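See structure below.
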Amino acid sequence: GTLKEPTTVTISYDEKPAIQALATTTPDRPPAPNQYPSHLRDYEYERLGTVSLLAGLDLHTGRVSEIVRDRHASADFTARLEKLDANYPAQTRIRLLLDSHSAHISKQTKAYLDLHPQRFEFVFTPKHGSRLNIVETMFSKMARTMLRDIRVASKLELIARIHLYYDEINADPVIFRWTYK
């Protein structure tokens, strides 16, 4: 038979705030024989500001949906919910695994949820239990690979590179399987 679309999707969701846009103050130097074996970067940098990443990992498909904003307040969270709402068929219930950040339980968020009854289900991780949310593993990998020592010319370049990172992940998504022995 044909596979039926799930009636509920589960999204592992969180924010990664304060991603710094850092610029170099001097050009990197290429490797030079008998001087230094790899690219050399000056330790000084210029701060260009920060951005917040709001991302959800679809546990059924492995695909990531993200937005990048200057902050992560209630208006940003409801914009994130609007993007999720647009990405799934109307009959699909969207279950979000998330922490109890103030933006997730604010009056603005509750008002948005009241306009979309039965569309979203929130499952909150326990206090100090963010490690239980698998999106945190994805953020950790991003910090260790893509963000480590990154230098950009502007905040817009940082935002574009974050989106490119997730475009590449979504080109060949990995579905995470939780197991216990």
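The values are calculated or read from the model by the stated rules, or taken from the named source; none is laboratory data. Treat the numbers as computed from the prediction; the structure is a model and nothing was measured. Positions of Cβ are generated from backbone atoms using ideal geometry, with glycine treated the same way; all protein chains shown enter the neighbour counts. Accessible surface areas use protein heavy atoms only, side chains included; no ligands, DNA or RNA. Shrake-Rupley method; radii C 1.70, N 1.55, O 1.52, S 1.80 Å.
For the chain, with a Gaussian network of springs between Cα atoms less than 10 Å apart, report the residue from Leu164, Leu147, Leu98 with the top mean-square fluctuation. With Cα springs under 10 Å in the chain, the top fluctuation among Leu164, Leu147, Leu98 is at Leu164.
In this rough spin-label picture, where each label sits 7 Å from Cα along the Cβ direction, the Ala18-Arg148 distance is 2.1 nm. Computed packing ranks the peptides 25-37, 106-118 as 106-118, 25-37, most packed first, by mean other Cβ atoms within 10 Å.
For the range 1-149, the Cβ-based charge dipole about the Cα centre amounts to some 300 debye (Lys, Arg positive; Asp, Glu negative; other atoms uncharged). If you count Lys pairs in the range 71-181 whose Cα atoms are under 28 Å apart, skipping same-chain pairs closer than 8 places in sequence, the total is 11.
Solvent-accessible surface (1.4 Å probe) assigned to Glu157 amounts to roughly 60 Å².
Sorting Tyr43, Tyr166 by accessible area puts them as Tyr43, Tyr166; the probe is 1.4 Å, largest comes first, and only protein heavy atoms count. When only Cα pairs below 8 angstrom with a gap of at least 6 residues are kept, the chain shows a relative contact order of 28 percent.
Please report the antiparallel percentage of DSSP beta bridges with both residues in the chain, rounded to the nearest 5. Intermediate results must be reported in sequence, preceding the final value.
Values: 19 of 29 bridges.
Of all bridge pairs located within the chain, approximately 65 percent are antiparallel.
When Cα extents along the principal axes in Å is calculated for this entry, the matching label among [x] 54, 31, 31; [y] 65, 42, 31; [z] 46, 33, 32 is [y].
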